[in-house]
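S.K.: Have a look at this one before I ask anything.
The values are calculated or read from the model by the stated rules, or taken from the named source; none is laboratory data. All values derive from a computational prediction rather than experimental measurement. Methodologically, a virtual Cβ is constructed for each residue, glycine included, from the backbone with ideal geometry; neighbour enumeration extends over all protein chains shown. With ligands, DNA and RNA removed, areas are computed over all heavy atoms of the protein, side chains included. Shrake-Rupley method; radii C 1.70, N 1.55, O 1.52, S 1.80 Å.
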Amino acid sequence: LGSRAVGGAGLVIAEATAVQPNGRISPHDLGLWSDAHVEPLARITQFIHAQGSIAGIQLAHAGRKASTHRPWEGQGVVPPEHGGWSEVVAPSALPFSDTYPHPQALSLDGIAGIVRAFADATRRAHDAGFRVVELHASHGFLLHEFMSPLSNVREDAYGGSFDHRIRLTIEVVRAMREVWPADLPLFVRLSVTDWVEGGWDVEE
């Protein structure tokens, strides 16, 4: 369970919690794609709240960075026979690098499934007692991949112009907000530059 404290010990966020099994960075990552995950996570939130802090959760999909080794195990793809998976998805069939998986471009049905997965995980997060939810749209994960023209070369409603490239993130936020209580915070974590000419930048 990766976590970070925000504002001292006041808010503890469980980071990079995958909304689909193939959205994990590595086979060892935390997930919230099943109702079976709610009760174990509820034990964690109850403990955090008992210490006077607030439990938050970051929901994520690693996109083309999925099915890879933990940092201390080196780089490279984790094959299915070692716990990885072959269904790695992205906006376009472009790998992050030679040491990362070659992803499949998401279909429109697949994109709709991503939106539903984030909404379902958000509902489960509330059921587990989390009081803050953060959408991970940074660090080259799936939503950032859609926003960046370097990784998104689609020619449909989810690629090309700025409005099209941010469409998925907007749809996910709206779907999450529909199931997340209005009086609880919803954060969105962004990387605001690709540090590459022609990529996602501060102005965008």
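S.K.: Take the Cα gyration tensor of the range 73-204, multiply each eigenvalue by 5, square-root it, and list the three semi-axes largest first, rounded to whole angstrom.
M.R.: 25, 20, 15
S.K.: So, R0 is 25 Å and r is the distance between the beta-carbons of HIS126 and GLU204; what FRET efficiency does that work out to, to 0.05?
M.R.: 0.20
S.K.: Using a cut-off of under 17 Å, list every residue of the range 134-153 whose amide N is near the label point 7 Å from the Cα of ALA93 along the Cα-to-beta-carbon line.
M.R.: 151-153
S.K.: Turning to a different aspect of this structure: For ASP35 and PHE187, compute 0.36 nm times the residue count separating them, minus their Cα-Cα distance, and round to one decimal in nm.
M.R.: Length gained between ASP35 and PHE187: 52.4 nm.
S.K.: Given a 1.4 Å probe, how much area per residue of the range 1-153 is accessible, in Å²?
M.R.: 43
S.K.: Which whole-angstrom value gives the distance between the alpha carbon centres of the range 33-85 and the range 131-167?
M.R.: 21
S.K.: Which translational diffusion coefficient, to the nearest whole µm²/s, is obtained for the range 101-175 from the Stokes-Einstein equation, given a Kirkwood hydrodynamic radius over C-alpha pairs, 25 °C and 0.890 mPa s?
M.R.: So the translational diffusion coefficient is about 186 µm²/s.
S.K.: Additional query: On a 0 to 90° scale, report how tilted helix 38-50 is relative to the longest principal axis of the chain, with both axes built from alpha carbons and the result rounded to the nearest 10.
M.R.: Helix 38-50 sits roughly 60 degrees off the main axis of the chain.
S.K.: Which angle from 0 to 90°, rounded to the nearest 10, does the C-alpha axis of helix 167-179 make with the longest principal axis of the chain?
M.R.: Compared with the principal axis, the helix lies near 20 degrees.
S.K.: Write out the GluC sites (Glu not before Pro) in the range 134-186 meeting two conditions: DSSP loop, and at most 12 other Cβ atoms within 10 Å of their Cβ.
M.R.: When the GluC sites (Glu not before Pro) of the range 134-186 are filtered for loop state and at most 12 Cβ neighbours within 10 Å, GLU155 remain.
S.K.: Related question: If each residue of separation counts as 0.36 nm, what is the full-extension length gain between HIS164 and ALA112 once their alpha-carbon separation is subtracted?
M.R.: 17.2 nm
S.K.: Further question on the same structure: Counting only protein heavy atoms and using a 1.4 Å probe, what share of the accessible area of the chain belongs to carbon plus sulfur, as a whole percent?
M.R.: After summing per-atom areas, the C and S share lands at 55 percent.
S.K.: Which angle between 0 and 90 degrees, to the nearest 10, do you get for helix 108-127 versus the longest principal axis of the chain when only C-alpha atoms count?
M.R.: Between the helix axis and the principal axis of the chain, the angle is about 10 degrees.
S.K.: Would you mind computing, in nm to one decimal, how far apart the modelled labels at GLU197 and ASP156 are, each placed 7 Å from Cα along Cα→Cβ?
M.R.: 3.3
S.K.: Shifting gears a bit: For ALA16, which sequence-distant residues (separation of 5 or more, or a different chain) have an amide H within less than 5 Å of its own amide H, given hydrogens modelled in the peptide plane?
M.R.: Result for ALA16 returns GLN58.
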